[in-house]
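Scroll down for the structure; my scribbles are underneath it.
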Amino acid sequence: MGIMGSWMRLGSVVLCAAALGLSACNSSSKATTPATGGGGSGDGGSDGGGSTGDGRVFQIAAGPDATSEMVAAMVQAAPGDVIEFGCGYFELNSSLQLTNTEDVLIRGCGRDKTVLSFKNNNAPEGILAVSVHGVTVQDLTVLDTGGNGIEFRGVDHGTIQRVRTMWSSGGGRESATPITADNAFANNAAVLNVACTDPATQDPDDPQNILGDTSSPDYTVSKLSGRYGIYPVSSENILIEDSVSIGASDAGIYVGQTNTAIIRNSHALYNVFGFEIENVRGGEYDSNIAECNTGGFLIYDLDNLRQYGDRSVMHGNTARMNNTYNFTSGGIVGNVPSGSGMITLAYDRIDIYDNTFEDNNTAGIIHTSYEIFPQGAGRPSEHRIDWYTEGLHIFRNTFKNNGNQLPLPTLQNIASEDVAKLLPAIVGLKNQAGCLLPQNLLKCPAPLLQVSPTALLNIRGAHILWDGLLDTYDADCAYPKDANGEDVPHDERGKPILTNEVPDPGCHYNQYKFASAEPHDRIMPDWYSCIDDDNTFSTDSITYANFHGTKGLELIISSKLDPAAIAQFPSSFDISSHKCEAQYGKNLDRLPEVTIPPFERSGDYDPAPTEEQVAQLCEASVKDGEVNYAAAKVNCPTLDQYHLFRDPEDPTSAPNGTGTPYSLNTKLFSDYAVKYRVVYLPTGTQAVYRDAKTDGTNAVIVFPSGTIIAKTFSFRDEGNDTETPVETRLLIKRVNSKGVARWDGAAYMWTTENGKQVAKLALSGGTTPVHWQTTDVDSGIVHTGSTDAYLVPNANQCLTCHSRADQEAGAAPIGPRIRNMNKAYHTESTRITEQSQHAVAGVNQIAYWCTHGLMMGCPSDLGVDPSTQIAAKIERVPTFNKPGDSGFAAGSAQDVEARARSWLEANCQHCHNVSGYAASTGFYLDSLRAVDTTYGVCKRPTATGEEGNGGRTYDIHPGDSADSIMEFRISASATTPAARMPPLARSVVDEEGHALIQQWIQNVVKADEAAYPGSTSCAQ
């Protein structure tokens, strides 16, 4: 029997023991506390950094034009600007997205007066800020998003004040009783101000709970709700205050992979976790309330991410009645037992003081480690993360009625091998065994000493639970090295500073925790935890329990008898080792206060040009055959004003000036559009050769200032021998008044006006119906279909894919990589055009650019094969749907893998790289890295629930595509915004791409540590 089968056997033992007589198993603690009051702009709280409001004010009124007004404002937002929503209920079908700007304020007229409903938005986020320096969101409610309510990524100085994020009771967008314009403001916005009086403690979808406590009179939680309410990630200097989150299927208010973050005076209820600090350096919970969640507060580190956390303080908070059943699946939050006031896991240096923990069914505080999780069921497979929380200091807190109604596993939990549901009951049995020991008779609450069977078999948690697990000195584990073989840096305590870009050390280096001299005693209390005498504990609960992990259960779990461990089956209630002053002669040092430095504008963003300036540049007279490069400084109203094409009505006609068409080995799929790409270099300039060997994985050809890259999206109808251009997107490299280069993106939508074809500037983007009957020029497969939802992105959406921290600012190009252009040029269409007959046609593109003065720094010998026009001496990725194009035998495992990785790089890696939009996931898809945990092999998702993971377990489950999240998210089954990947580029499935990825996962990837490091941790 495997490890999970052993846990199933253990679950049966636990259930049988508990079933003998657990009292009050279907009841819950009840109290009355309304949600934090809402409405009005309020006077409380400090002003956040970055929003001086000294620029333009874009006023948006509720009504049918609200979305277009909002998008028009957001794509123009410049330093000092304000996007202001009036009072009312706004039905928005687009996210409010800010990208690559600074000092912008978004505000309403009060969170009980301004409601932004994103129920009909086809993107997952409500408000999204990416790579913004200084942004503030105030005084509004964000309602019913498909994914996250308010999300900050790569934001420096982000402030959220007096806002609410929530989902309609009973499923958000799918709610049978949604919050609407008709009821949102009735009775003083009663439906927005949810109370916490009686949470549902048991899952109504489990048949065993049919008579249990499965509903709440206040709010119905649902796994269909979005993931996070407030979600700053990979950011710095974040302040969240006086805000509320209700109903998130992961965390209500979260900060992750961020440096310096304060969450203050806020309220979270009916989320899985109320508040979450994940992999944060310098975090603070100050005077918040967490109630009626599954868990109240979480401070922890997650494995395989770009940084690990350190130093957080938690003071003045209340964690009460966090007893809602866990209504999510997947990720660490899916393992949280209901009834948890606060949990810390694998995170060093935490001060917890002046808080109140009360009426939490499992525990007030749970201090645990990754060692408690079985291999393949939550335990990290990589060795960079330290499994244990150390430097934990608990003082001056109040604990009341915690751990007295542990959630027990049902038969369905056991049948599904749900380890998380088994652990609380195991803890309870161990605590009960401890209470039966003579030395503990005075340490357990009186009901456990009663003679009646029900009381005798009642099992409990405690005010403070510790798994009692610590690592031991490892003399054989060498200090970790980086990719260059150099020692990684360390902090002032000697702990290595590791990231997911450091090669897996293969062991957990921990010598910094121990004395250098024999016998290498642990350095106390620095690498331990302290619980001071000034905490107040009610006598109705066990004060402290060290339950020794699963020790004593070895015979059941692993079929191995360990007589020495049997003595550790009963929990220990001896707290004396945590009385640090008495035991070690000193206490842990107090952590410094978290301070956010004042915001200052960078000055890197110029004010918008005037209408007169735009007209002067765009309407200038230009000679025939020349490009209007002067106009590249601004966004012209129509595409023809740039003079890019010989025929201004035909974007497939010959390029003017030095314009040169190019194509890619494997492209980003866009609903079967055929694409025409042309690069225009200003006269007398050259691009610079850059490849992965010289400049790293994300290297792209470097273009001179003034470059214009045009990409036209057309739809072929071979039955009628027509081809219809829908949009032409431009990327333009501009230089601001301070000499800082930046790429700006804009879309032009084609239409007929006065009998002529014209492309008009569409900064706000849009959707349009399209149809196609087109033959793929590489595979020869004919694709026929249509969609009503082809997306023309707005200017800020362009930056979602094109903005990366390691590239030039703005919407930097991602397609023109040496390895993806190493091919002979041909167009993607079967139609003959002037571009298909350009001089570069049939010639290796890199060689053409190098020999025609378009690019400098080229290798002296590219090794171009005259017959294939492939350059053998430089990097290359294959065409994904052309078997054998990899250079391996067509259809072989190597060929399938190379082509699958080429498709993933083209369609996913622009976000999934260490500097991209999805850097925080720790899931990277460039074609050059090893196919290991960072590539998704046996990697559990970081932040996606059942909607996003499709009920699957790993990003890539070797040999099991049906359990692989990657395959699900690119398939026809991923229909919602929170599930579909890529999130913007497609509305239909790339059938050839999906089939290839499915084939690769199912038939090629396997449990083989040499070929796929980490694969044996989940594959059989």
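Taking the numbered list (1) among the aliphatic types (A, V, I, L, M); (2) farther than 20 Å from Ala710 by Cα; (3) at pLDDT below 95 in turn, Ile781 passes all entries but (3).
Inspection of the stretch 270-287 identifies no residue that is assigned by TED's automatic domain parsing to the domain that holds Gly364, at pLDDT below 95 and closer than 26 Å to Leu224 by Cα. Just one of the numbered conditions (1) crowded, with 24+ Cβ neighbours inside 10 Å; (2) assigned to a strand (DSSP E or B) is not true of Glu84: (1). Taking the criterion of being buried (at least 22 other Cβ atoms within 10 Å of the Cβ) and either within 19 Å of Val782 (Cα to Cα) or more than 22 Å from the chain's Cα centre (by Cα) (or both), the residues of the stretch 965-992 that qualify are Arg986, Asp990. Quick one: is Asp865 under 26 Å from Thr685 (Cα atoms), over 36 Å from the mean Cα position of the chain (by Cα) and acidic (Asp, Glu)? Against the criterion (under 26 Å from Thr685 (Cα atoms), over 36 Å from the mean Cα position of the chain (by Cα) and acidic (Asp, Glu)), Asp865 does not qualify. Pairing each residue of the stretch 959-970 that is farther than 11 Å from Trp1000 by Cα and of a type in the set (Val, Ile, Thr) with any residue that is at pLDDT below 90 and part of a helix (DSSP H, G or I), provided the two are 6+ apart or on different chains, yields C-beta distances under 9 Å for Ile965/Gly948; Ile965/Asn949.
Inclusion of Pro878 among residues that are farther than 18 Å from Arg817 by Cβ, of a type outside the set (Lys, Arg) and either surrounded by 23 or more Cβ atoms within 10 Å (Cβ to Cβ) or not assigned by TED's automatic domain parsing to the domain that holds Arg940 (or both) is not warranted.
Selection within the stretch 172-189: residues that are loosely packed, with under 13 Cβ neighbours inside 10 Å and hydrophobic (A, V, I, L, M, F, W, C). The member of this set that is farthest from Tyr228 (Cα to Cα) is Ala186. Note on the stretch 91-125: among residues that are crowded, with 24+ Cβ neighbours inside 10 Å, among the small types (Gly, Ala, Ser) and within 22 Å of Gly80 (Cα to Cα), the one that is modelled with the lowest pLDDT is Ser95. When Leu224, Leu192, Leu211 are checked against the criterion of being surrounded by fewer than 20 Cβ atoms within 10 Å (Cβ to Cβ), in a loop (DSSP other than H, G, I, E, B) and touching a residue at least 24 places away in the same chain (Cβ under 8 Å), Leu211 stands alone in meeting it. In the stretch 588-633, what residues are surrounded by fewer than 16 Cβ atoms within 10 Å (Cβ to Cβ) and farther than 30 Å from Lys733 by Cβ? Across the stretch 588-633, the qualifying residues are Asp589, Arg590, Pro592, Glu593, Thr595, Pro597, Pro598.
So in the stretch 530-571, with the set limited to residues that are of a type outside the set (D, E, K, R) and free of Cβ contacts under 8 Å to residues at least 12 places away in the same chain, which one is surrounded by the fewest Cβ atoms within 10 Å (Cβ to Cβ)? Here the residue is Pro563. When we screen Gly585, Gly659 for residues that are outside the structural domain of His826 (by TED's automatic domain parsing) and not basic (Lys, Arg), the only hit is Gly585. Every test in (1) outside any loop (DSSP other than H, G, I, E, B); (2) of a type outside the set (Ser, Thr, Tyr); (3) more than 30 Å from Ser249 (Cβ to Cβ); (4) under 21 Å from the mean Cα position of the chain (by Cα) is passed by Ala847 save one, and that test is (4).
Ile874 fulfils the conditions (1) touching a strand residue (DSSP E or B) at 6+ places or on another chain (Cβ under 9 Å); (2) touching a residue at least 60 places away in the same chain (Cβ under 8 Å); (3) more than 24 Å from Ser653 (Cα to Cα) except for a single criterion, (1).
Total residues in the stretch 950-968 satisfying the condition of being modelled with pLDDT of 90 or more, within 16 Å of Pro982 (Cα to Cα) and assigned to a loop (DSSP other than H, G, I, E, B): the figure is 1. The sole residue among Ala985, Ala1010, Ala979, Ala972 that is touching a strand residue (DSSP E or B) at 6+ places or on another chain (Cβ under 8 Å), in the same structural domain as Gly936 (by TED's automatic domain parsing) and part of a loop (DSSP other than H, G, I, E, B) is Ala985. Surrounded by 21 or more Cβ atoms within 10 Å (Cβ to Cβ) and assigned to a strand (DSSP E or B), is that true of Pro725? Yes.
Surrounded by fewer than 20 Cβ atoms within 10 Å (Cβ to Cβ) and farther than 30 Å from Ala795 by Cβ, is that true of Ala1019?
no
Filter the stretch 922-949 down to residues that are part of a helix (DSSP H, G or I) and touching a Leu at 6+ places or on another chain (Cβ under 8 Å) and give me whichever is surrounded by the fewest Cβ atoms within 10 Å (Cβ to Cβ). So, considering only residues that are part of a helix (DSSP H, G or I) and touching a Leu at 6+ places or on another chain (Cβ under 8 Å), the one surrounded by the fewest Cβ atoms within 10 Å (Cβ to Cβ) is Tyr935. Only one of the listed residues (Leu617, Leu664) is in a helix (DSSP H, G or I) and not aromatic (Phe, Trp, Tyr). That residue is Leu617. Meeting the requirement of 1 or more residues that are touching a strand residue (DSSP E or B) at 6+ places or on another chain (Cβ under 6 Å) and of a type outside the set (D, E, K, R), the helices (runs of 4 or more DSSP H) wholly within the stretch 523-596 are 580-584.
Within the stretch 583-593, is even one residue among the hydroxyl-bearing types (Ser, Thr, Tyr) and in contact (Cβ under 8 Å) with a residue 40 or more places away in the chain? Taking every residue of the stretch 583-593 in turn, at least one turns out to be among the hydroxyl-bearing types (Ser, Thr, Tyr) and in contact (Cβ under 8 Å) with a residue 40 or more places away in the chain.
Between Phe273, Phe297, Phe327, the distinction of being surrounded by 24 or more Cβ atoms within 10 Å (Cβ to Cβ), touching a helix residue (DSSP H, G or I) at 6+ places or on another chain (Cβ under 6 Å) and within 20 Å of Gly378 (Cα to Cα) belongs to Phe273 only. Filtering the stretch 841-857 to residues that are buried (at least 16 other Cβ atoms within 10 Å of the Cβ) and modelled with pLDDT under 95 leaves nothing. Just one of the listed residues (Ser168, Ser222) is assigned by TED's automatic domain parsing to the domain that holds Ala261 and at negative phi, and it is Ser222.
Does Thr33 meet the test of being at pLDDT below 55 and β-branched (Val, Ile, Thr)?
Numbers: at pLDDT below 55: yes; β-branched (Val, Ile, Thr): yes.
Criteria met by Thr33.
Filtering Ile350, Ile372 for residues that are of a type in the set (A, V, I, L, M) and under 14 Å from Phe275 (Cβ atoms) leaves a single hit, Ile350. Scan the stretch 675-709 for residues that are under 31 Å from the mean Cα position of the chain (by Cα) and either part of a strand (DSSP E or B) or without any contact (Cβ under 8 Å) to a residue 60 or more places away in the chain (or both) and jot them down. Correct list: Lys675, Thr694, Asp695, Val702, Ile709.
The values are calculated or read from the model by the stated rules, or taken from the named source; none is laboratory data. Since this is a predicted model, take the numbers as computed values, not measurements. FYI the Cβ positions are ideal-geometry reconstructions off the backbone, even for glycines, and counts take in every protein chain you see.
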